[in-house]
Amino acid sequence: MKKFLFVVLALMLTLSVFAAGDKEAAAAGPQKITIWAWDPNFNIAIMEEAKARYQAINPDVQFEIVDMAKADVEQKLLINLSSGVTDGLPDIVLIEDYNAEKYLSSYPDSFADLSSSFDYSQFAPYKVKLMTVGGKTYGVPFDTGVAGTYYRKDILEAAGFRASDMENITWDRFIEIGEAVFAKTGVSMCAFDPTDGGLVRVMLHSAGSWYFDKNGKPFLAGNPVMEAAVATYAKLINSPGTMKTSGWAEWVGAINSGKAATISTGVWITGSVKAEATQSGKWALAPIPRLNVPGAVNASNLGGSSWYVLNSSKAKATAIDFLKQIYAKDNDFYQKILVDRGAVGSFLPSQGGSAYMVADPFFGGQKVFQNFSAYMQKIPSVEFGSYTYEADSAIASVLPSIYAGGSVADALKAAQAQLENAIK
Amino acid sequence: MPHEQLLLRRLRGRPSAGLVFSYVFIIIVAAFCLFPFLWMVIGATNVSKDVSMGKLSLGMALFDNFANLNKLVNLPLVFRNTAFVTLVGTFFTLLVASMAGYGFEMYRNRHRERLYAFLLLTMMIPFAAVMIPLFRIFAKVQLLNSFIAVILPSVASVIVIFYFRQSTKSFSRELVEAARIDGLSELQAFFYIYVPSMKSTYAAAAIIVFMSYWNSFLWPLIVLQTNDKKLLTLAISSLSSSYTPDFGVIMLFIILATSPTLVIFFAMQRQFVAGMLGAGK
Amino acid sequence: MKTIRQSGLVRHHSTAGFHRSTGWMFVSFALILVGVFSIYPVISSFLLSFQTGRGAVYHFNGLGNIQRLLKDTVFLQALKNTFVYFIFQVPIMIILALTIASVLNNPKLKFRGFFRIAIFLPCVTSLVAYSVLFKSMFALDGLVNRMLLAINVVAEPIPWLLDPFWAKVLIIIALTWRWTGYNMMFYLSAMQNISPSYYEAARIDGANAFQQFRYITVPLLKPVILFTSVMSTIGTLQLFDESMNITGGGPANATITISHYIYNVLFRFTPNFGYAATISYVIVFLVAILAFVQFKLTGDDHAA
């Protein structure tokens, strides 16, 4: 034991000498760009591709692409911004669209104003709107969460429904179809996690409404679109055609295992749908159902994120140039990330590219990305405001009472009170 | 019944109902405790889809999972970083905390007792509350993104100081008295008399401290910034939050990340139990 | 120094002064570190708790944060949840740990070393690992439900993560799984210090196993039980990992803890550090009260 302890001790001392030498303090030269993002198979891989392309133009620029969990990126960014310390900040950071305004308006001078650096008319308008605060546009729009309904043609046909039955429908009709499908085939129409309010956002967005009014005030109580959205969602959850799942794995598992016939969500799910190769040829894509309120369209969005440049960046000009050369110019790049990663960018010129024209045998030869591109341009523009998470949390806390048949108006009143207190 | 006879009967007789019950109980408890580990091992050999479907038999995907993991994570680097932080951190924590525990117990005085009570109070403050000021300190001295920043705030761990003070209560003062008479300085007495005679106390503390550094997450996440400083827990976290998480790969990673702690624990468990014995009084 | 110490007589005279300085030397490193990395941040966050604001701009708010706290339904829910965990989980775990320890303390039991390690193992896993495991095991279609269905304990899957009641049960199960072995180790060590002659005498007096446990083991273990229950109280009131990583605080905030709510106020919502600091002082306050009550209840005014 004594010997063992001595060895450990000696080892530690050697290591601590090491530590002293370890302080090279990676002095970021002006030509090094640090990027924070999440998901090694998606954003990180895409950024690696962008890096390789930019280095072909400008070989002197070094990149450090740091891969973290999404919550970790948000947390690190907030703590750096809040403590007024800029040394720790990256040059470019990925921010989820729902949260963009929170950062832009809470930390006004921290992000670079890119209004004059980019031609924003080339990007999907709804993406540009959400990153515009006080007339200035920050950020470079990246992937879209354009929504669609993926469905099993074979199962719907077995229940007597054709592709045209899935086009331009309301959620109420979707629920009807679902009940018929379930009654005839025993397969659930769809799977949802009742604790997740994502679909409520999809419904709101499809009607051009949001949790907040034009002045940024909470608009849950007395908002007819909001009432319709939660009531419809509750109806969907309680429908016999809906299978309840908990967590991501089970939700995706429901379609991969053939227990659910449709999945209605953002385009980023394509990879997970296609993961089950045995179902090839059986799937098809339809526009997402719309909410039964005036002005609602069969197009919406769930998730998606964009790149932002920090004002404190020592390589700001290079970082902006990098985003411009690749994300606002390189059509070929967008084709590659679509093919390799299933990423649908919001750079409009790229959507005429070859990858978007491919007829996918998994979807019975349907050109799904062309469909998505068409849906994307119909997505209404809304301002997400600074408090999406707070509102999400308030809605989530009243959903169970609505599922149980409680008054929608009262529940939304309670949610409104909680939200108002949370953003005080 | 005379004592000896009672003992003899117990030795010869069949296991009592109580003992049978004890076995049943302890086997059930142990099965519950071990089951998730078993499942983790099974998961590591299966493809993601089978893991999420709860497949309970070994699969063939172990090597594929490893290859994928190796592609996504720079394993040698994160293991080296984590080992470095853990070993250096554990060493200094044991040194500083045992000196403090020894100091508080062997040289009691009124002021220090008050300070000690105050130290215990600081344990009750949730870490989230001190995170911002702590972050500012390290930013001010330009130590962000360094392992020093990861280690330093936990070196003076109050719970470990407490543990050493409790253990020191069973340490015989005469040993130090004798050392003084032999001409050893107070520091020498600490290092040559106290430390060697408290080996098992150190072993028990070492395991607990090792675990806490090895598994630390929130603070390293905040202060470390670049890929070359990445730790295991941060790597697992980023892997498990992707849009399409690969559960087989994650399971395998968890096994790899957990095994060093298990090895240390197995190697030192005898000392560990003995050390807990000292503090448990 | 050395000459003073070598002469017994002189040392005797200066014991007080000598004691003082040497004692300070031993504790100084720890005190400096705690001062810089705990006490300074604590004071700084205390001052912050009287301020409010968004992002990087703060202004003085007096007791405004406290007023807001009392109207904050999520906070009140978190407080309630935390107490549920405290009231159910801590006693369950301590009783279970004591029972396991006394079973393992029986010298007639074979493979004790194996069982001891098996039961201790859960607390060795990292929280990230453990939450991934639990989340998938307790999914609606997960392993646990499949097994319960297979052995006909339940007729339909338990909605572990979807139902407020079961989600709390899940958190309690997870906590108990992870920490029982850890506490058991403390009890087992303390039990091994109890002289077997006590039990022998009790047996001769006709005491059964439960009576021995109740009248010998528990009273002699009182200081350790106190220590572990104070530590568990602190742990429960600061509970974060399980709520954050297994249930995400849901459904409908049914499992969110105070620490998790602080995290949300800091990092999920638009950050308000002043308000977060106020909430964290609630935890400090509660722990202090509960620890005091526990000391009083066990009738021990000295720390274990």
| query | Is there any pair linking a residue in segment A:166-188 that is more than 14 Å from A:ILE263 (Cβ to Cβ) to one that is β-branched (Val, Ile, Thr) and part of a helix (DSSP H, G or I), with Cβ under 6 Å and at least six apart or on different chains, and which? | reply | A:TRP171/A:THR232; A:THR185/A:ILE155
| request: Quickly run through segment B:78-106 and pick out the residues that are open to solvent by 30 Å² or more (accessible area, probe 1.4 Å) and within 29 Å of A:ASN41 (Cβ to Cβ). | output: B:PHE79, B:ARG80, B:ALA83
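Give me the helices (runs of 4 or more DSSP H) completely within segment C:81-148, filtered to those with at least 2 residues that are in contact with an Asp or Glu (Cβ under 9 Å, 6 or more places away or on another chain), ordered by residue number. Step through it out loud before you land on a result.
Numbers: elements: C:90-104, C:112-120, C:127-137.
Ranges flagged: C:127-137.
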| query | Does at least one position in segment C:273-296 carry a residue that is surrounded by 21 or more Cβ atoms within 10 Å (Cβ to Cβ), hydrophobic (A, V, I, L, M, F, W, C) and more than 9 Å from chain B (Cβ to nearest Cβ)? | reply | no
| field | Unmet criterion (only one of (1) modelled with pLDDT of 90 or more; (2) surrounded by fewer than 20 Cβ atoms within 10 Å (Cβ to Cβ); (3) facing another protein chain (nearest Cβ under 7 Å)) for C:GLN192 | value | (1)
| note | Only one of B:LEU262, B:LEU256 is open to solvent by 40 Å² or more (accessible area, probe 1.4 Å), farther than 30 Å from A:ASP87 by Cα, out of contact with any strand residue (DSSP E or B) (no Cβ under 7 Å at 6 or more places or on another chain) and in the same structural domain as B:ARG136 (by TED's automatic domain parsing), namely B:LEU256
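Can you pull out the helices (runs of 4 or more DSSP H) entirely within segment C:183-279 that have at least 1 residues that are on the phi < 0 side of the Ramachandran plot and in contact (Cβ under 8 Å) with a residue 24 or more places away in the chain? Write out each step before concluding.
Numbers: elements: C:196-204, C:209-212, C:222-237, C:258-263.
By residue number, C:222-237, C:258-263.
Report whether or not C:PHE267 is open to solvent by less than 10 Å² (accessible area, probe 1.4 Å), of a type outside the set (Gly, Ala, Ser) and at the interface with chain B (Cβ under 10 Å from one of its Cβ atoms). Break it down stepwise before answering.
Numbers: open to solvent by less than 10 Å² (accessible area, probe 1.4 Å): yes; of a type outside the set (Gly, Ala, Ser): yes; at the interface with chain B (Cβ under 10 Å from one of its Cβ atoms): yes.
Yes: the conditions hold for C:PHE267.
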| said: Out of A:LEU199, A:LEU285, A:LEU220, I need the residue that is buried (at least 23 other Cβ atoms within 10 Å of the Cβ) and in a strand (DSSP E or B). Which one? | reply: A:LEU285
| query | Is it the case that some residue within segment C:152-160 is over 23 Å from B:TYR23 (Cβ atoms) and part of a helix (DSSP H, G or I)? | reply | no
| task | Would you check if A:VAL309 is surrounded by 20 or more Cβ atoms within 10 Å (Cβ to Cβ) and at pLDDT 95 or above? | result | yes
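Identify, please: which residue in segment B:170-190 is in a loop (DSSP other than H, G, I, E, B) and within 11 Å of another protein chain (Cβ to nearest Cβ) and is, among those, most open to solvent (accessible area, probe 1.4 Å)? Don't jump to the end; show me each part of the working.
Within segment B:170-190, the subset in a loop (DSSP other than H, G, I, E, B) is B:170-172, B:182-185.
So of that shortlist, the ones also within 11 Å of another protein chain (Cβ to nearest Cβ) come out as B:170, B:182-185.
On the way: B:SER170: 61, B:ASP182: 123, B:GLY183: 19, B:LEU184: 43, B:SER185: 35 Å².
Here the residue is B:ASP182.
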| Can we say C:ASN106 is free of Cβ contacts under 8 Å to residues at least 24 places away in the same chain, in the same structural domain as C:PRO251 (by TED's automatic domain parsing), of a type in the set (S, T, N, Q) and open to solvent by 30 Å² or more (accessible area, probe 1.4 Å)? | yes
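Of all residues in segment A:353-386 being open to solvent by 60 Å² or more (accessible area, probe 1.4 Å) and part of a helix (DSSP H, G or I), which is farthest from A:LYS274 (Cα to Cα)? It would help to see each step written out before you state the result.
Keep residues of segment A:353-386 that are open to solvent by 60 Å² or more (accessible area, probe 1.4 Å), which gives A:354, A:357-358, A:361, A:367, A:370, A:377-378, A:383.
Now narrow it down to the ones that are part of a helix (DSSP H, G or I): A:354, A:357, A:361, A:370.
Working: A:SER354: 20, A:MET357: 18, A:PRO361: 11, A:GLN370: 17 Å.
Filtering first and then ranking leaves A:SER354.
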| task | With the checklist (1) touching a residue at least 24 places away in the same chain (Cβ under 8 Å); (2) crowded, with 20+ Cβ neighbours inside 10 Å; (3) among the hydrophobic types (A, V, I, L, M, F, W, C) in hand, flag the one item C:ALA139 doesn't pass. | result | (1)
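Suppose the filter is over 22 Å from B:VAL150 (Cβ atoms) and not in a helix (DSSP H, G or I); does B:GLY275 pass it?
Values: over 22 Å from B:VAL150 (Cβ atoms): yes; not in a helix (DSSP H, G or I): no.
So B:GLY275 does not fit the description; no.
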| task | Among the candidates A:SER350, A:SER407, A:SER401, single out the residue that is crowded, with 23+ Cβ neighbours inside 10 Å and hydroxyl-bearing (Ser, Thr, Tyr). | result | A:SER350
| message | For segment B:214-224, which positions are surrounded by fewer than 22 Cβ atoms within 10 Å (Cβ to Cβ) and modelled with pLDDT of 85 or more? | response | B:TRP219
| Check on A:VAL293, modelled with pLDDT of 95 or more and either of a type in the set (A, V, I, L, M) or over 22 Å from A:ASP39 (Cα atoms) (or both) | no
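Restricting to segment A:229-242, name every residue that is buried (at least 20 other Cβ atoms within 10 Å of the Cβ) and closer than 19 Å to A:ALA404 by Cβ.
Start the filter on segment A:229-242 by keeping residues that are buried (at least 20 other Cβ atoms within 10 Å of the Cβ), which leaves A:229-230, A:232-234, A:236, A:241-242.
Selection gives A:ALA229, A:VAL230, A:THR232, A:TYR233, A:ALA234, A:LEU236, A:THR242.
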| task | Name every residue in segment B:34-51 that is open to solvent by 50 Å² or more (accessible area, probe 1.4 Å), within 14 Å of chain A (Cβ to nearest Cβ) and in contact (Cβ under 8 Å) with a residue 24 or more places away in the chain, in order of residue number. | result | B:VAL47
| query | With respect to the numbered conditions (1) assigned to a helix (DSSP H, G or I); (2) not assigned by TED's automatic domain parsing to the domain that holds A:GLY139, which one is the sole condition not fulfilled by A:GLY406? | reply | (1)
| If we only count helices (runs of 4 or more DSSP H) wholly inside segment B:107-169, which ones have 3 or more residues that are open to solvent by less than 50 Å² (accessible area, probe 1.4 Å) and either more than 10 Å from chain C (Cβ to nearest Cβ) or modelled with pLDDT of 90 or more (or both)? | B:147-155, B:158-168
| remark: Conditions (1) under 24 Å from A:LYS324 (Cβ atoms); (2) in a strand (DSSP E or B); (3) away from chain C (no Cβ under 14 Å) -> A:PHE118 fails only (2)
| field | Set A:ILE237, A:ILE263: member being assigned to a helix (DSSP H, G or I) and in contact (Cβ under 8 Å) with a residue 40 or more places away in the chain | value | A:ILE237
| Considering only residues of segment C:74-115 that are among the basic types (Lys, Arg) and more than 21 Å from the chain's Cα centre (by Cα), which is nearest to A:SER393 (Cα to Cα)? | C:ARG112
| note | Cβ pairs under 8 Å, 6+ apart or interchain, first in segment B:16-27 and facing chain C (nearest Cβ under 7 Å), second surrounded by 14 or more Cβ atoms within 10 Å (Cβ to Cβ) and of a type in the set (Ser, Thr, Tyr), ordered by first then second residue, are B:PHE25/C:THR99
| Would a scan of segment B:206-213 turn up a residue that is facing another protein chain (nearest Cβ under 7 Å), surrounded by 22 or more Cβ atoms within 10 Å (Cβ to Cβ) and closer than 30 Å to B:GLY54 by Cβ? | no
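The values are calculated or read from the model by the stated rules, or taken from the named source; none is laboratory data. The model shown is predicted, which means the values in this text are computed figures rather than measured ones. Glycine gets a Cβ as well: all are built from the backbone with ideal geometry, and neighbour counts include every protein chain shown. For the accessible areas, the whole protein counts, side chains as well, though only heavy atoms, and no ligand, DNA or RNA atoms are used. Shrake-Rupley method; radii C 1.70, N 1.55, O 1.52, S 1.80 Å.
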